[in-house]
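Undergrad: Handing you this structure, nothing more for now.
The values are calculated or read from the model by the stated rules, or taken from the named source; none is laboratory data. Please read these numbers as outputs of a predicted model, since none were measured by experiment. We place every Cβ from the backbone using ideal geometry, glycine too, and count neighbours over all the protein chains shown.
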Amino acid sequence: MKKISFIFGTRPELIKVAPLIKAFQKEADIFNLNLISTGQHKELLNNLYKWFDFEANINLEIMQFNQSPSQVIANILQKLDLAIKDSDLIIVQGDTATAYSGAMAGFLHKIPIAHLEAGLRTDNIYNPFPEEMLRRQISQISTLNFPPTERAKENLKRENIQENVFVVGNTVIDSLKDTINKLEKLEEHNQLNEFINLPFELSELNQNKKLVLITMHRRESLGEEHKQVAKALKRVSEEHKDLLLIFPIHPNPAVRESIEPILKDCPNIKLIEPLDYITFCFVLKKAYILITDSGGLQEEGCSLGKPTLILRKTTERPEAIEEGNAKLIGTNEENVYANFTALLKDINLYNQMSKPSNVFGTGNSAELIINKIKAFLY
């Protein structure tokens, strides 16, 4: 029996490893799972464990108040030594401090590493920061690389990483499709209220208003750039009373200080606390437009056919732009205002950007990945 250690710590990581963990659980006769949470997003993981029906068996609880990224990485590395003992394979996802630390710990113990969502690149080591450099370094020490697209595979090839590289789509689409299917069944049986946690009445989403979902948290945009975006959102909300803008505010105080003073008194903008994953998927499914600087949301929006405006200068997911579903608009007030307004006024443009795409996967990524891992280990 092979011991497989999953190392995760943020909510996006757990969402993306969940389908693969579920696939491994079906192979309990040949795999022993070791589920390690670093605790990077401790409070945000609890309801996900219930939804996905598993839980970490090791919690490192590394987070302390006001830690720097280097302190987070150092704490994780120090605590992983015993947690990964006797592992036959370590699986990490993405480009977080947790993923980097998990891969580095595996390397130092000479344990093979599998990297989910490998090969994403902006070719700017400071944007996104520090994720671009973390994922590049993970690729250098991974034994198995699972890029989501052919473009990501080509990125790895440019870095001379060509062995054991498999294009498999992204497991985030597996989780998204599974979650939306569950939500549709709950809606059919009038059981949504048991799982949807909004700080306002559910009926407010069904008042013939165009729902715009907004997320913004990037470290490199803190301060003035966040203020620029907020000013643009305020202008659009004042000019289009038929909109309902839902903006879950990131808990980072620096984000809130820039956003809340500008938007707090706008009647059709709801500044709310971060949503749990199930509720977020429900709102995303109902959204008319998505405005975000998130990476994973670019994939989810593309899969669902949600026109997506990307609040960044670069993106490691250009496939969404090439598919016509997303547009890179930066954070300048006038750019955000102009592009947001164009989507609202030009129905032809909206229709062009609202076509679902399978460029990031069809929902079977976990199955493809576990088959490659079985072939490697056995």
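Undergrad: Residues in the range 276-288 that are over 23 Å from Pro251 (Cα atoms) and either in contact with a strand residue (DSSP E or B) (Cβ under 8 Å, 6 or more places away or on another chain) or outside the structural domain of Phe200 (by TED's automatic domain parsing) (or both): how many?
TA: Of the residues in the range 276-288, 2 are over 23 Å from Pro251 (Cα atoms) and either in contact with a strand residue (DSSP E or B) (Cβ under 8 Å, 6 or more places away or on another chain) or outside the structural domain of Phe200 (by TED's automatic domain parsing) (or both).
Undergrad: From the residues in the range 54-107 that are of a type in the set (Val, Ile, Thr), part of a loop (DSSP other than H, G, I, E, B) and out of contact with any Phe, Trp or Tyr (no Cβ under 9 Å at 6 or more places or on another chain), which one is farthest from Pro19 (Cα to Cα)?
TA: Ile62
Undergrad: Would you point out the residue of the range 1-31, among those that are assigned to a helix (DSSP H, G or I) and not hydrophobic (A, V, I, L, M, F, W, C), that is surrounded by the fewest Cβ atoms within 10 Å (Cβ to Cβ)?
TA: Gln25
Undergrad: Which numbered condition in (1) of a type in the set (A, V, I, L, M); (2) part of a loop (DSSP other than H, G, I, E, B); (3) within 20 Å of Glu131 (Cβ to Cβ) is the only one that Leu275 fails?
TA: With (1) of a type in the set (A, V, I, L, M); (2) part of a loop (DSSP other than H, G, I, E, B); (3) within 20 Å of Glu131 (Cβ to Cβ) applied to Leu275, the lone miss is (3).
Undergrad: Right, Ile84: under 25 Å from Tyr378 (Cβ atoms) and either touching a helix residue (DSSP H, G or I) at 6+ places or on another chain (Cβ under 6 Å) or modelled with pLDDT of 95 or more (or both) or not?
TA: Yes.
Undergrad: Could I ask something else about it? Filter the range 144-165 for residues that are closer than 16 Å to Gly363 by Cα and either polar (S, T, N, Q) or in a loop (DSSP other than H, G, I, E, B) (or both) and give the result. Show your work before the answer.
TA: The first filter runs over the range 144-165 and keeps only residues closer than 16 Å to Gly363 by Cα, leaving 146-149.
Of everything in the range 144-165, those that are closer than 16 Å to Gly363 by Cα and either polar (S, T, N, Q) or in a loop (DSSP other than H, G, I, E, B) (or both) turn out to be Pro147, Pro148, Thr149.
Undergrad: Give me the pairs, please: first residue somewhere in the range 258-271 and outside any helix (DSSP H, G or I), second residue anywhere and surrounded by fewer than 18 Cβ atoms within 10 Å (Cβ to Cβ) and basic (Lys, Arg), beta-carbon distance under 8 Å, and either six or more positions apart or on two chains.
TA: Every condition considered, the pairs that remain are Asn268/Lys209; Asn268/Lys241; Leu271/Lys264.
Undergrad: Follow-up. Being of a type outside the set (Val, Ile, Thr) and in contact with a Ser or Thr (Cβ under 8 Å, 6 or more places away or on another chain) is the filter; apply it to the range 181-207 and report the residue that is nearest to Leu244 (Cα to Cα).
TA: At the first step, the residues of the range 181-207 found to be of a type outside the set (Val, Ile, Thr) are 181-195, 197-207.
Then drop every residue that is not in contact with a Ser or Thr (Cβ under 8 Å, 6 or more places away or on another chain), which leaves 195, 197-198.
Numbers: Phe195: 22, Asn197: 18, Leu198: 14 Å.
Step by step, filter the range 181-207, then rank; the result is Leu198.
Undergrad: Could you tell me which residue of the range 282-299 is farthest from His240 (Cα to Cα), considering only residues that are modelled with pLDDT of 95 or more and hydroxyl-bearing (Ser, Thr, Tyr)?
TA: Ranking the candidates gives Thr292 first.
Undergrad: Follow-up. Are any residues in the range 17-65 farther than 25 Å from Leu377 by Cβ and basic (Lys, Arg), and if so, which ones?
TA: Matches in the range 17-65: Lys42, Lys50.
Undergrad: Yes or no: Asn46 surrounded by fewer than 20 Cβ atoms within 10 Å (Cβ to Cβ) and either under 21 Å from Gly295 (Cα atoms) or at pLDDT 95 or above (or both)? Explain how you work it out, then say what you get.
TA: Values: surrounded by fewer than 20 Cβ atoms within 10 Å (Cβ to Cβ): yes; either under 21 Å from Gly295 (Cα atoms) or at pLDDT 95 or above (or both): no.
Answer is no for this residue.
Undergrad: Working only within the range 289-339, note down all residues that are in a helix (DSSP H, G or I) and in contact with an Asp or Glu (Cβ under 8 Å, 6 or more places away or on another chain).
TA: Cys302, Ala320
Undergrad: When you check Gly106 against the structure, is it under 22 Å from Leu35 (Cβ atoms) and in contact with a helix residue (DSSP H, G or I) (Cβ under 8 Å, 6 or more places away or on another chain), yes or no?
TA: It is true that Gly106 is under 22 Å from Leu35 (Cβ atoms) and in contact with a helix residue (DSSP H, G or I) (Cβ under 8 Å, 6 or more places away or on another chain).
Undergrad: Residue by residue through the range 137-186, note down the ones that are small (Gly, Ala, Ser) and more than 15 Å from Gly94 (Cα to Cα).
TA: The one that is small (Gly, Ala, Ser) and more than 15 Å from Gly94 (Cα to Cα): Ser175.
Undergrad: Among (1) farther than 15 Å from Glu13 by Cα; (2) loosely packed, with under 15 Cβ neighbours inside 10 Å, which single condition is Asn34 missing?
TA: Unmet condition: (2).
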